[in-house]
Each structure stands twice: as C-alpha cells, then as structure tokens.
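Just so you know, all these numbers are worked out from the coordinates, no wet-lab data involved. Just so it is clear, the structure is predicted and the values come from calculations on it, not from any experiment. Neighbour counts run over all protein chains shown; Cβ positions are idealised from the backbone, glycine included.
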Amino acid sequence: MSPTEHSLMCMQHCSSDSYLIFTTFPRSCEVCGSVLENCRLRVPPFRLPNPFVASRCVPRSVLIRPTRGDFLSDYQNGDNLHIGISDENGSVYHYDERGANIDTCGWDQCVVVEIQNRSHIEDKWREILHSSQLSDLWTSERYDETSHNCYDYVLNVIRQLLFVTAPKQDFCRQFILPVTTKIAKYLEMYRKVKIRGVVVTQSLS
C-alpha cells in the first residue's frame, strides 16, 4: 500500500480562515454548503506533506515503522516502533529477536528520522552496515527488547558513521520524539477525515 494513495488534500473555498481537508474531493463546502463542482476556489487543492515514505525512495536514511502493522491502519500512540537504516538501494538493515536482518521489502510505510548531513559519509555507509551484519554483537541470543534492541543497533551504526556519543535516551529524545509528534498529528487528522469525509480546520500547523 503506497503512502501517497492515502495523502490528505487541502483547499479553501469561501473563507480565508477555513481549510477543507479531504482525501476525495467533496461535493459541497462544509463551511457554506455550496456545491463545489465547477466553482471558484480561494486556494485550489494541494497535497499536505505526508510523513510516510517507502525505504526505496530514501536511501541512506534512518527509518522507523510500527513493530506490528502499519501507521495508517494500525498504529496508536504509545505502540512500539521499530527502527532500521537503509542502504544505497533502499534495503533496510535492522535488528530484532531473530538477530541482524536485511529487508528488501516490508518498509513501504515508514518515516525518516532526520540526522545531520550525511553527504561526507556515503562511502562508509554500506561498509559499516555490512560489518554490522557480521558482528556477534547482534545475534538473536543477545537480543533483549529493553536493553539490547533495534535502537541500540541503529545507534551503534550511527556512532561509527557520525562519531556521536549520545546515550540511547538522548538519541530518542532528540531524534525520535519529534518524529512521533509529527506522526501523531498527521494520523489524528487522517483518521478524522476517514470518518467524516471532510474536516474543517483554521490552522495547518
């Protein structure tokens, strides 16, 4: 399921203070009730930024997805998130109870965790990812869902690439928390639209 299939659209019709949010173009305006077919719009429909991407579209990135299911259909605030790192082809290196893994599919609805400029480390990216798969640090026997998990794996790789020394808690607070906040806002609006068809809002922030 492509994330773009479920992108939110936005437009203004009769009021500069009201945005109409939808996925399917509405028959009438929720603000004034006018039929919208062939009418003049203050702001024509445009796509709202969608945080969800497929790993193949974001090579050399840190990515998160729900541990179970996907964001649009299944994720609820507080659910566990899984984290991995894509190589230059979009394959995702990650760690779970099975040990270190490489996925060529299954990351079609994930979110990028923004880290500092990576252009100067592209040559090292695949080398370090490959060596992480061979390391005995990341075997299934050593996995612990609290103290030795996917976040430890990704942070270990990032430390080698970027020479950062942040503890896991600081990494999550600085990089993961802003992403989950963005996800929560988008999902709240998406699910309202899914139920109502059209949502009227005064702010897009």
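Any chance you could run the full-extension gain for Thr23 through His148? It's 0.36 nm times the residue separation minus the Cα-Cα distance, nm to one decimal.
40.9 nm
Among Ile115, Ile21, what is the fewest-to-most ranking by other Cβ atoms within 10 Å? Working shown, then result.
On the way: Ile115 16, Ile21 21.
Sorted ascending by nearby Cβ count, the order is Ile115, Ile21.
Along each of its three principal axes, how wide is the spread of alpha-carbon positions in region 53-165, in whole angstrom units, largest first?
Per principal axis, max minus min of the Cα coordinates gives 37, 33, 26 Å.
When Trp138, Trp125 are ordered from fewest to most other Cβ atoms inside 10 Å of their Cβ, what list results?
Least crowded to most crowded, the residues run Trp125, Trp138.
Give the long-range amide H neighbours of Met9: residues separated by 5 or more places, or on another chain, with amide H under 5 Å away, using H modelled in the peptide plane at 1.01 Å from N.
For Met9, the qualifying residues are Phe22, Thr23, Leu48.
Cut-off 10 angstrom, C-alpha nodes, Gaussian network model of the chain. Which of Gly84, Gly33, Gly69 fluctuates the most?
Among Gly84, Gly33, Gly69, the largest GNM mean-square fluctuation belongs to Gly33.
Counting helices only, and only those DSSP H runs with n ≥ 4, report the 222 nm mean residue ellipticity of the chain as the sum of -39,500 (n - 2.57) divided by its residues, in deg cm²/dmol to the nearest 500.
-8000 deg cm²/dmol
Where in region 82-156 are there GluC sites (Glu not before Pro) that are in a DSSP coil and have at most 11 other Cβ atoms within 10 angstrom of their Cβ? Walk me through the numbers on the way to the answer.
Numbers: sites: Glu88, Glu97, Glu114, Glu122, Glu127, Glu141, Glu145; in loops: Glu88, Glu97, Glu114, Glu141, Glu145.
Passing both the DSSP loop test and the Cβ count: Glu88, Glu97, Glu114, Glu141, Glu145.
How would you rank His82, His94, going from fewest to most other Cβ atoms within 10 Å of each one's own Cβ?
On the way: His82 20, His94 23.
Least to most surrounded, the residues fall as His82, His94.
Hey, in the GNM for the chain with a 10 angstrom Cα cutoff, which one of Ile176, Ile195, Ile102 fluctuates hardest?
Maximum fluctuation in the GNM of the chain, among the listed residues, is at Ile195.
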